[in-house]
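A.B. asks: Below: one structure in structure tokens.
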Amino acid sequence: MTALTINGLAALSAAGDRPEALAERATALAGDIHPGVPVGGIVTEELPRPEGHALLDFDVRARLGRRGTSFYDRATALAVVACGDALTDSGLTVDDTNRARVGVVLGTTVGSLKSTSDYTRETLVQEKPYLVNPMLFPNTVMNCAAGQAAIRHKLKGINATVTGGPLAFFNALRYAGNAIRRGYVDTMLVGAVEEFSAHRAWASASGPAGGEVPAGEGAAVFVIGGGADSVGRTTICAVTTGYGPDGTAEQALTDCVARALHVAGAAPTDVTLLATSETRTAGTRPQRAAALRALDGHVPAEFVLSRVAGDCGAATPALALAAALRLPADGDRSGLILLTAHGTDGGVGAALVRR
């Protein structure tokens, strides 16, 4: 099987515009929960709580200029900037010789929930014949962020968006791996994005964890390529998904982790970091329990992104991986990172990454 290596990465989050910022915040918190910050300056609608984990100082025009960015929604802006930062980190120069072999796949929950809701509202409140601003419509398309990223960075390879909430990043990794292994592209920008808005804040507050942590936002993108020589490089060893309906999801996740270990040819003791996408930070935590069963008593260090950056929805596993790969110099940089996810519909996923 063709090895899949991570050749560059980027992460934008409430902790900062560098992936190291998330790890540094986690180290500073030492297991405590970051309470979030007042977000009234960027959201005018009523919120379930005044705090959130948003990029308060993010300005896409300052990063990319005014041209072509005027009608970006927040999710698109975050994704386009993160894709550019990941390309820079990888050192890959995109030109006419390779742009057709570089693609993009992004994971999301529903795209921009705010854009879709705002456009729908316009069709209800505007006078007939529904005088809706047509410039609002492109942002309602789920593929808007990935499409705009390809346009901005002139990438002509495969372009796709996959949904799945907490599983979206896992789905994107599998999609990218298939595209590379089948020879459709040489390189894929793979990531996930979620924006902060009143719509998402309310959705998070009514979720399974009952808004235990504030809603967050962010984008993480990885430049992934295929190649036989992966020695000394960060490697994606396995990505598995499954489904456990009617209360069987926890066991399904245990099976997912076990399959990932088998595919990677790894032992439970090879896992040195467990990164879950749980938004529940206390009490019963099904993902952690399921993973530990598969690890047969081995208890690795743990990283819970929601404690650091809030409920970032589909972007949670991607942000967690970015942070784990850029731990401070005194952190443990060896072994396997185990990512897990559990959707509300019973979908589950696991991934193993060797750093």
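The values are calculated or read from the model by the stated rules, or taken from the named source; none is laboratory data. Treat the numbers as computed from the prediction; the structure is a model and nothing was measured. Reconstructed Cβ throughout: ideal geometry from the backbone, glycine too, with neighbour counts over all protein chains shown. Each accessible area value is taken on the protein alone, full model and side chains, heavy atoms only, with ligands, DNA and RNA left out. Shrake-Rupley method; radii C 1.70, N 1.55, O 1.52, S 1.80 Å.
A.B. asks: Could you give the Stokes-Einstein D for the chain in µm² per second, using the C-alpha Kirkwood radius, 20 °C, 1.002 mPa s? Working shown, then result.
C.D. replies: Values: Rh = 20.3 Å.
Answer, rounded: 106 µm²/s.
A.B. asks: Could you identify which residue out of V132, V81, V299 has the top mean-square fluctuation in a GNM of the chain using Cα springs shorter than 10 Å?
C.D. replies: V132
A.B. asks: Largest first, how would Y72, Y243 line up by accessible area (1.4 Å probe)? Show your work: numbers first, answer last.
C.D. replies: Details: Y72 35, Y243 140 Å².
Most to least solvent-accessible, the answer reads Y243, Y72.
A.B. asks: Percent relative contact order of the range 172-261, based on C-alpha pairs within less than 8 angstrom and at least six residues apart?
C.D. replies: 25
A.B. asks: Oh, and also: Taking springs between alpha-carbon atoms closer than 10 angstrom, which of E24, E45, E217 fluctuates most in the Gaussian network model of the chain?
C.D. replies: Looking only at E24, E45, E217, the largest GNM fluctuation is found for E45.
A.B. asks: Hey, another quick one. Report the accessible area of D17, computed with a 1.4 Å probe over the heavy atoms of all protein chains in place, in Å² rounded to the nearest 10.
C.D. replies: It works out to around 90 Å².
A.B. asks: Using a 1.4 angstrom probe with every protein chain in place, what is the largest-first accessible-area order of S197, S117? Write out the running numbers ahead of the final one.
C.D. replies: Details: S197 5, S117 40 Å².
Correct descending sequence by accessible area is S117, S197.
A.B. asks: What figure in square angstrom, to the nearest 10, would you give for the accessible area of L292 with a 1.4 Å probe?
C.D. replies: 30
A.B. asks: Taking Cα pairs under 8 Å and at least six residues apart, what relative contact order does the chain come out at, in percent?
C.D. replies: The normalised contact order for the chain reaches 25 percent.
A.B. asks: Okay, next question. Largest first, how would E127, E250 line up by accessible area (1.4 Å probe)? Could the numbers behind the result be given before it?
C.D. replies: Numbers: E127 135, E250 65 Å².
Listed by decreasing accessible area, they come as E127, E250.
A.B. asks: Normalized C-alpha radius of gyration of the range 269-355, against 2.2 N^0.38 Å? Don't skip to the end; give the middle numbers.
C.D. replies: On the way: Rg = 12.3 Å, N = 87, 2.2 N^0.38 = 12.0 Å.
Taking N as the residue count of the range 269-355, the ratio is 1.02.
A.B. asks: Can you tally the net charge around S115? Count Lys and Arg as +1, Asp and Glu as -1, for every other residue whose Cβ sits under 12 Å from the Cβ of S115. Don't skip to the answer; put the middle values down first.
C.D. replies: Details: positive: R74, K114, R121, R200; negative: D73, D118, E122, E195.
Net local charge, S115 excluded: 0.
A.B. asks: Given a 1.4 angstrom probe, what's the average accessible area per residue across the chain, in square angstrom? Walk me through the numbers on the way to the answer.
C.D. replies: Details: 15200 Å² over 355 residues.
Heavy-atom SASA per residue in the chain reads 43 Å².
A.B. asks: Just the number, please: carbon plus sulfur as a percent of the accessible area of the range 1-73, 1.4 Å probe, no ligands or DNA/RNA counted.
C.D. replies: Values: 1980 of 3960 Å².
Percent of accessible area from carbon and sulfur atoms in the range 1-73: 50.
A.B. asks: Identify which of A172, A323, A198 has the largest mean-square fluctuation in a Gaussian network model of the chain, with springs joining Cα atoms closer than 10 Å.
C.D. replies: Comparing A172, A323, A198 in the GNM, the peak value goes to A198.
A.B. asks: Classify the range 26-79 as rounded, prolate or oblate, taking a ≥ b ≥ c as the square roots of the eigenvalues of its Cα gyration tensor: rounded when a/c is under 1.5, otherwise prolate if a/b is larger than b/c and oblate if not.
C.D. replies: Numbers: a/c = 3.23, a/b = 1.64, b/c = 1.96.
It is oblate, given that a/c is not under 1.5 and a/b is not larger than b/c.
A.B. asks: Using only protein heavy atoms and a 1.4 Å probe, report how much of I180 is accessible, in Å² to the nearest 10.
C.D. replies: 20
A.B. asks: While we're looking at this one, here's another question. For the chain, with only Lys/Arg (+1) and Asp/Glu (-1) charged at the beta-carbon, what is the dipole magnitude about the Cα centre, in debye rounded to 20?
C.D. replies: On the way: 31 positive and 34 negative charges, 180 e Å.
In total the dipole reaches around 860 debye.
A.B. asks: State the antiparallel share, in %, of DSSP beta bridges confined to the range 184-338, rounding to the nearest 5.
C.D. replies: Values: 8 of 16 bridges.
That works out to approximately 50 percent antiparallel.
A.B. asks: How high is the relative contact order of the range 1-142, in percent, counting Cα pairs under 8 Å that sit 6 or more residues apart? Don't jump to the answer; show the numbers that get you there.
C.D. replies: Numbers: 105 pairs, mean separation 32.0, N = 142.
With pairs under 8 Å counted, the relative contact order is 23 percent.
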